[in-house]
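Notes for the one structure printed next.
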Amino acid sequence: MSNRSWDVVVGGGGLIGSAAAYHLARSGLRTLLIEQGCLASGASGSNFGNVQVQDSEFGLSLELSLQGHEACAGLEDELDTELDYQRTGSLLLIENEHQWAAMEERAAGLQAAGVPAQLLDQAELSRLEPSVSPASVIGALYHASEGSLNPFKLVHAYVLRGRQHGLEVWTHTEVTAVSVEGGRVAGVQTGGGPVAAGRVVLAAGAWAKRLAATAGVDLPLRWVHGEALITEPLPPMVRCAISSAAFFEATEESDQQVVGFCLRQRPEGNVMVGEAAILTEALGRRVTATALPAIAQEARVRFPALLEAAVIRGWAIPVAFLPDNRPLLGAVDEVEGLVVGTGLKSTIVLTPLAGRLIASLVLGKDIDPRLAEFSPSRAMAGAGQ
């Protein structure tokens with residue numbers, strides 16, 4: 001390990017960490033990015049890559065998602081890298097009248113916010129996506145301009161461009177603790193020894209809770225164990241990024257496995273299908289005996305063309321969310337120099353904005369005061385009430 005000190009250490013080499021590190025290095029700060037595995041080896045590398053706003057919470061989250069949606073469209077130019085960005089449209093499949101009523105209300109709210117979402121009945125959905133079984137749904141909520149990009153390529157693009165501005169990256173290095181002296185950050189402890197830094201950014205996803213605890217900070221994050229699978233390459237089957245309106249029915253207090261549904265066909269033809277999710281107290285990555293068969297069954301009910309498709313891989317990953325589904329983005333008032341970026345529900349679409357925001361916070365720049373609703377201190381105060 002180097003004895004060199006840094007202006008800022010970023011813990012976590014996923015989407016948010018790499019974006020923050022890129023903007024910090026570009027601003028001239030001596031920046032070190034530390035990742036416990038390979039880059040994008042956590043939830044970011046398992047992300048479906050959907051660039052969408054349909055599932056955003058109303059209010060500021062939706063406003064930021066709309067800004068992020070446009071920012072994502074310009075990332076290939078900004079980073080001078082091919083990211084497989086494409087506008088395919090997105091669908092929230094509706095299975096029953098209860099969901100139809102909920103999506104009708106959601107469509108009205110999205111349209112009022114300037115999002116061109118529209119309800120499709122069964123016939124309209126069949127014309128748009130003929131491979132969807134009409135027996136499994138009664139319609140869908142559709143957004144024509146949403147799309148996807150490759151999250152793995154995005155992480156590596158941020159790191160590549162960051163290195164051109166002096167960013168240093170340590171992979172396969174575990175951050176074990178945040179060092180605090182006199183109420184402010186002094187650096188981090190790693191498996192290879194201490195690293196001195198005046199500021200620390202925690203962008204370690206589900207692991208951010210444990211790292212924050214070493215600095216005496218209790219982040220009210222909840223861990224969810226998610227699982228998904230990918231098929232062999234198939235002929236073109238679906239154009240849109242697809243998920244289920246059932247996700248909006250999940251209760252935050254449930255400790256039972258919820259088999260939701262999302263699907264996207266990659267440019268190479270492989271179909272990604274997820275996801276089973278269950279609240280957990282452990283940060284495990286082992287697939288369960290029941291989740292993947294349940295996911296496959298859900299997919300085959302909705303898409304009979306998948307009946308004969310071979311599954312080539314399944315995976316499990318822990319992710320972190322707050323009960324209110326809003327992100328944790330901001331400085332920790334209780335520890336000077338500590339900034340947190342995690343718990344983003346729509347990670348891809350918010351990545352460009354989150355990276356810039358974290359850099360602004362570290363640099364001490366003024367930010368939109370409304371962003372206080374995402375601050376870690378706000379979340380901790382709410383958890384203690």
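The values are calculated or read from the model by the stated rules, or taken from the named source; none is laboratory data. What you see is a predicted model; the values in this text were computed from it and never measured. Counting neighbours? That spans all protein chains shown, and the Cβs are built from the backbone with ideal geometry, glycine included.
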Original post:
List pairs: first in the stretch 265-291 and closer than 21 Å to Pro323 by Cβ and assigned by TED's automatic domain parsing to the domain that holds Leu234, second in a strand (DSSP E or B) and of a type in the set (D, E, K, R), Cβ under 8 Å, 6+ apart or cross-chain?
Top reply: Glu275/Glu227; Ala276/Glu227; Ala277/Glu227; Leu279/Arg222
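Every residue, every condition in (1) free of Cβ contacts under 8 Å to residues at least 40 places away in the same chain; (2) in contact with a helix residue (DSSP H, G or I) (Cβ under 9 Å, 6 or more places away or on another chain); (3) not basic (Lys, Arg), yes or no:
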| position | (1), (2), (3) |
| --- | --- |
| Gln164 | yes, yes, yes |
| Thr171 | no, no, yes |
| Val180 | no, no, yes |
| Val188 | no, yes, yes |
| Gly192 | no, no, yes |
| Lys209 | no, no, no |
| Ala212 | no, yes, yes |
| Gly216 | no, no, yes |
| Leu219 | no, yes, yes |
Original post:
Looking at Asp77, Asp84, which is the one that is on the phi > 0 side of the Ramachandran plot and not small (Gly, Ala, Ser)?
Top reply: Asp84
Original post:
Hey, Tyr158 hits all of (1) touching a strand residue (DSSP E or B) at 6+ places or on another chain (Cβ under 6 Å); (2) surrounded by 23 or more Cβ atoms within 10 Å (Cβ to Cβ); (3) at pLDDT 95 or above but one; which does it fall short on?
Top reply: (1)
Original post:
Checking Ser41 against (1) surrounded by fewer than 24 Cβ atoms within 10 Å (Cβ to Cβ); (2) in contact (Cβ under 8 Å) with a residue 60 or more places away in the chain, which single condition isn't satisfied?
Top reply: (2)
Original post:
Is one or more of the residues making up the stretch 88-108 β-branched (Val, Ile, Thr), over 30 Å from Arg4 (Cβ atoms) and touching a Cys at 6+ places or on another chain (Cβ under 7 Å)?
Top reply: yes
Original post:
Exactly one of (1) touching a residue at least 40 places away in the same chain (Cβ under 8 Å); (2) outside the structural domain of Leu357 (by TED's automatic domain parsing); (3) out of contact with any His (no Cβ under 7 Å at 6 or more places or on another chain) is unmet by Val53. Its number?
Top reply: (3)
**OP:** Taking the options Leu75, Leu110, Leu66, name whichever one is touching a Phe, Trp or Tyr at 6+ places or on another chain (Cβ under 8 Å) and under 26 Å from Arg326 (Cβ atoms).
**Re:** Leu75
